[in-house]
Amino acid sequence: MSDHSHASPLPEGVDLALTVITLCGMAYVSVSAFLVPLPLAPLALLAVYLAGGVPAASAALRELVHDRVLDVDLLMVIAALAAASVGAALEGAVLLTLFRLSSMLEHRAMGKARRAVQALMSLRPETAFRLSPDGTVTATPVAALVQGDLVIIRPGARIPVDGRIVDGAGSLDESTITGESLPVVKSPGDPVFEATVNLHTVLTMQVLRPMAESTVARMIAMVTEAQAQKAPSERFSEWFGQRYTVAVLAVSTALFGIFLALGQTFDAALYRAATILVAASPCAVVISVPAAILSALSAAARGGVLFKGGAALETLATIRTFAFDKTGTLTTGRAEVTRLLPLATDETTLLTLIAGLEAQSEHPIADALRRAIDQRALTPAPVTGVETHPSEGITGTDATGPVWAGNPRMATHMGADLTDPALATLQDGSETVVYLGRGPLLLGAIAVADQPRATSRDGIAALRATGIASIVMMTGDRRPVALRIGQGLGLKPDEIHADLLPQDKVRLVSDLAAKGPVAFVGDGVNDAAALARADVGIAMGAAGSDVALQAADVALLSENMDRLAAAHRLSRRAAAIIRQNLIFALGAMAVLVTGGLFFDLPLPLAVLGHEGGTVLVVLNGLRLLLDPIRNTRPPTPPVAP
């Protein structure tokens, strides 16, 4: 209830102490009033009024003086004082006791939502084992690590800061950062994030960021900022609550006069006006929205999905069209060898020879060949005199003689015949084909292509299952490449848009937005304009990426597409709970006000209905914390210890 306004809640220890004093005092007064008279009962009653009313009154008065805002808590204090002034001090004490108890429960519940992410971050290690250039290992405070330091990570230890594996391979538990419940295989060159757990083998990592700039630090900052930002429904409920509070106070005062005019005694009129004041107070209405928003933001962050505020959460619930960038979002963003076609040699020779030619190249195709060689435990053939021919390929000499590898232009230049029927399946334009030959003799060919992420197809299917009407894919690649990827993911040809420049993506997002709210999902690096134009911009695989965290409204820290559908479901569930809370709060308020106006509603019953309703909507909002975003994809076996 102090949380309804801008007033800061009391420290937890003070809040609990005041609640205990109020409850004990109320119990003492009740025994004295209904069972056996007890000494010092008036002092116990005074303690209830002081412990239950003074903190709320002082906070409400500060709001009134500093911000010129009438806090709804002030209504409770006024009602209790009005009851005491007409000889119903016990009923006023009941009001303040329930008010203090519900305030404490509300503050603790809302604090739980705020602390849900920070509790995970407390798992950061304090000490790291730094590897010196001379090979010695020393225990070092994590805060003292700087970029470039080498750190030994032992089995079972947590990663101290963001870094990159330089030696060793193993499985890591990244659930604290990405929400990924299954172990993730890491090898040299792969990034690792602070607070994740090395499960099996000894790893050596290089520090990429100091602790103050780590993914964890940025997550805390982003979630804190998101929780401080008001969603549209939060701003409305706050606006409504402030104005409605003034109206309730004015109407209750007017009703007091009306009851007097109708012949009721002063005490009876004031008691009834105080009852209506309590019944009509909008506490439950005001707290309905932030309880659900804070819980949803915390649940999402624990699942590896960061919202930049309640507005993004609310807007995501309205999305009916999702637009995806292809490369790096729906696909891995790196080339892989997909097919081998040996013609005048065997498959092993084809792969090792072409890998030998590409051994010193930094081209993405060379990376794909190196990965293919490593997977098959092969060694590239020794090739000397390697020369690069821009836009064509590469030449060199092995133990047999001159050899070349390249595109169709290189093959034609060497006099090779590309009309072999066996090559037809590789030449449909959906993959990059690299030919290998000796002079005019064509030894074979390999196909290289970007591959869909393992979770992309299931993620798109899960989005469709949530009721998404339209899903489109956008790419700058050629149409055949786009069709191969898109249709493999279950998209229809009319949902696949190819040969797009960055400005074309922005235009297409604008066209989609004209038909209804649209979300654009990209890698957060090359799609900033489209992310900004969409109603909700979503960055995939944003852990460790400053650009991604800044460019989007929502950041999925892992590359698991299932998280997107889960985040959409969470946003819709939050919207449903907000509607439930508002309907319940307004309905309960209408019933209580009707009872106060037309029936003899006792003040304690109005208090119980008001405070009970407030606690119930908070607890209903907290249900979102019980269903965080989870991983749903099939498990992949971890690296053996």
Residue within region 324-338 that is over 30 Å from Asp73 (Cβ atoms), among the hydrophobic types (A, V, I, L, M, F, W, C) and open to solvent by less than 10 Å² (accessible area, probe 1.4 Å) present: yes
Single residue of Arg68, Arg62 found to be touching a residue at least 12 places away in the same chain (Cβ under 8 Å) and of a type in the set (D, E, K, R): Arg62
Number of the exception - Thr338 against (1) under 16 Å from the mean Cα position of the chain (by Cα); (2) in a strand (DSSP E or B): (1)
Some residue of region 108-126 being more than 38 Å from the chain's Cα centre (by Cα), modelled with pLDDT under 85 and surrounded by fewer than 17 Cβ atoms within 10 Å (Cβ to Cβ): no
Members of region 464-479 that are under 23 Å from Arg507 (Cβ atoms) and in a helix (DSSP H, G or I): Arg479
Residue in region 364-386 that is surrounded by 15 or more Cβ atoms within 10 Å (Cβ to Cβ) and free of Cβ contacts under 8 Å to residues at least 12 places away in the same chain present: yes
Total residues in region 28-83, condition outside any helix (DSSP H, G or I), open to solvent by 20 Å² or more (accessible area, probe 1.4 Å) and not β-branched (Val, Ile, Thr): 7
Qualifying residue in region 526-543 (condition: farther than 30 Å from Ala299 by Cα and either among the hydroxyl-bearing types (Ser, Thr, Tyr) or at pLDDT 90 or above (or both)): no
Qualifying residues in region 596-609 (those that are part of a helix (DSSP H, G or I) and open to solvent by 10 Å² or more (accessible area, probe 1.4 Å)) - the one farthest from Ser281 (Cα to Cα): Phe598
Residue that is nearest to Leu131 (Cα to Cα) [pool: residues in region 181-212 that are open to solvent by 50 Å² or more (accessible area, probe 1.4 Å) and aliphatic (A, V, I, L, M)]: Val202
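The values are calculated or read from the model by the stated rules, or taken from the named source; none is laboratory data. The structure displayed is predicted, hence computed values, not measured ones. Neighbour counts are summed over all protein chains in view; Cβ atoms, including those assigned to glycine, are modelled from backbone coordinates with ideal geometry. The area values use the complete protein model at the heavy-atom level, side chains included, leaving out ligands, DNA and RNA. Shrake-Rupley method; radii C 1.70, N 1.55, O 1.52, S 1.80 Å.
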